[in-house]
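Chemist: I have a structure I would like to understand better, so I am pasting it below and will then ask my questions one at a time.
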Amino acid sequence: MKAVILAAGMGSRLGEFTRDKPKTLLLVRDKPLIFHILESLSASGIEEVIIITGYEDEKIREEVKDGSAFGLKVRYVNNPRYDSTNNIYSLSLAQQEVATGGFLIVNSDVFFHPEILKRLLEAEGNGITLMVDVEKELGDEEMKVTARGKRITDIGKELSPDEADGEYIGLARVDSAFTSVFFDALNEVLLELGSGVFYEEAFRRLIENGVPVSYTTTGGLPWIEIDTPHDLKTAEAEIAPEIEG
């Protein structure tokens, strides 16, 4: 199984922190965030990684290089339209790279306990599986999900926090038998809704089409999506000690 890391965005909400670097290169415990991600992938048995770059593309390439320092084979796909498209377009660029097998989707701004990734890889089922935090208090900004049993019934930021069952944290597994189905749905959404929406709309389209999308949970393990300076401070001061402890 391969992994696709989405790292094209500008991270504008981080202000000066990302003025001259992608947010996945921000340091958490003196190490770029993407290093933490790559180490977790390698420790979980992933061997091939495709990094979708865009903003300050060359700086990610300079830091990660060919991935050999992490025991990985890393390839790069550049999104030249990173400043005018959302992550659905970036993910669409990985289609040829993962066309023959299953893959993981990894948002490059998520700092997570390595066991979360292992839980995703070991989750039962052969289809599409999302990693969901069912314990976190939800607000308007989170990518929320509703569920029935182990199946996701809807996903989106606009869902009511009071009615949602958890938050999708930006890690997903697409098994090989569902790769083409997933990209068919993603390409449908691109054609109908354009490139300005989130790739999670592809999960919603699959659900609408009757394709089962399941989930597994973080099990209370620590993680954080780094979008703001406050998030970065929290990752350093609170989440990292929990992961290391």
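Computed from the coordinates by the stated procedures, all read-outs in this text should not be read as laboratory data. In this text the structure is predicted, and so the values were computed from the model without any measurement. Cβ atoms come from the backbone with ideal geometry, glycine included; neighbour counts cover every protein chain shown.
Chemist: Give me a count of the residues in the stretch 197-215 that are surrounded by 21 or more Cβ atoms within 10 Å (Cβ to Cβ) and either touching a Cys at 6+ places or on another chain (Cβ under 8 Å) or not charged (D, E, K, R) (or both).
Modeler: So the answer is 6.
Chemist: While we're on this one: Kindly establish whether LYS73 is farther than 25 Å from ASN86 by Cα and of a type in the set (D, E, K, R).
Modeler: yes
Chemist: A follow-up question, please. Given (1) touching a Leu at 6+ places or on another chain (Cβ under 9 Å); (2) surrounded by fewer than 18 Cβ atoms within 10 Å (Cβ to Cβ); (3) among the acidic types (Asp, Glu), where does GLU244 come up short, assuming only one miss?
Modeler: Here GLU244 clears every test but (1).
Chemist: Same structure again: Provide a single number: the residues in the stretch 19-29 that are over 16 Å from THR234 (Cβ atoms) and either of a type in the set (A, V, I, L, M) or surrounded by 22 or more Cβ atoms within 10 Å (Cβ to Cβ) (or both).
Modeler: Let us first name the residues in the stretch 19-29 that are over 16 Å from THR234 (Cβ atoms), namely 19-22, 24-25.
Checking which are either of a type in the set (A, V, I, L, M) or surrounded by 22 or more Cβ atoms within 10 Å (Cβ to Cβ) (or both) leaves us with 22, 24-25.
Residues meeting the conditions: 3.
Chemist: Kindly establish whether GLY170 is closer than 14 Å to GLU225 by Cβ and out of contact with any strand residue (DSSP E or B) (no Cβ under 8 Å at 6 or more places or on another chain).
Modeler: On the way: closer than 14 Å to GLU225 by Cβ: yes; out of contact with any strand residue (DSSP E or B) (no Cβ under 8 Å at 6 or more places or on another chain): no.
For GLY170, the condition - closer than 14 Å to GLU225 by Cβ and out of contact with any strand residue (DSSP E or B) (no Cβ under 8 Å at 6 or more places or on another chain) - is not met.
Chemist: In the list GLU137, GLU58, GLU97, which residue meets the criterion of being surrounded by fewer than 21 Cβ atoms within 10 Å (Cβ to Cβ), in contact (Cβ under 8 Å) with a residue 40 or more places away in the chain and more than 12 Å from the chain's Cα centre (by Cα)?
Modeler: Working: GLU137 fails: in contact (Cβ under 8 Å) with a residue 40 or more places away in the chain; GLU58 fails: in contact (Cβ under 8 Å) with a residue 40 or more places away in the chain.
Within the list GLU137, GLU58, GLU97, the selection yields GLU97.
Chemist: Counting only residues that are among the β-branched types (Val, Ile, Thr), assigned to a helix (DSSP H, G or I) and surrounded by fewer than 19 Cβ atoms within 10 Å (Cβ to Cβ), how many does the stretch 225-241 have?
Modeler: Filtering the stretch 225-241 for residues among the β-branched types (Val, Ile, Thr) gives 226, 228, 234, 239.
From what's left, assigned to a helix (DSSP H, G or I): 234, 239.
Then drop every residue that is not surrounded by fewer than 19 Cβ atoms within 10 Å (Cβ to Cβ), which leaves 234.
Selection size over the stretch 225-241: 1.
Chemist: Can you tell me how many residues in the stretch 25-60 are more than 25 Å from GLN96 (Cα to Cα) and of a type in the set (Gly, Ala, Ser)?
Modeler: 1
Chemist: Report whether or not TYR168 is within 17 Å of ASN86 (Cβ to Cβ), hydroxyl-bearing (Ser, Thr, Tyr) and either touching a residue at least 12 places away in the same chain (Cβ under 8 Å) or crowded, with 19+ Cβ neighbours inside 10 Å (or both). Outline the logic, then answer.
Modeler: Working: within 17 Å of ASN86 (Cβ to Cβ): yes; hydroxyl-bearing (Ser, Thr, Tyr): yes; either touching a residue at least 12 places away in the same chain (Cβ under 8 Å) or crowded, with 19+ Cβ neighbours inside 10 Å (or both): yes.
Yes: the conditions hold for TYR168.
Chemist: If you don't mind, there's one more thing I want to ask. Looking at the stretch 106-115, is at least one residue hydrophobic (A, V, I, L, M, F, W, C) and more than 27 Å from ILE243 (Cα to Cα)?
Modeler: The first filter runs over the stretch 106-115 and keeps only residues hydrophobic (A, V, I, L, M, F, W, C), leaving 106, 110-112.
Imposing the further condition that a residue be more than 27 Å from ILE243 (Cα to Cα) reduces the set to none.
No: zero hits.
Chemist: Just checking, which of ARG75, ARG81 is touching a residue at least 40 places away in the same chain (Cβ under 8 Å) and surrounded by fewer than 19 Cβ atoms within 10 Å (Cβ to Cβ)?
Modeler: On the way: ARG75 fails: touching a residue at least 40 places away in the same chain (Cβ under 8 Å).
Answer to the check: ARG81.
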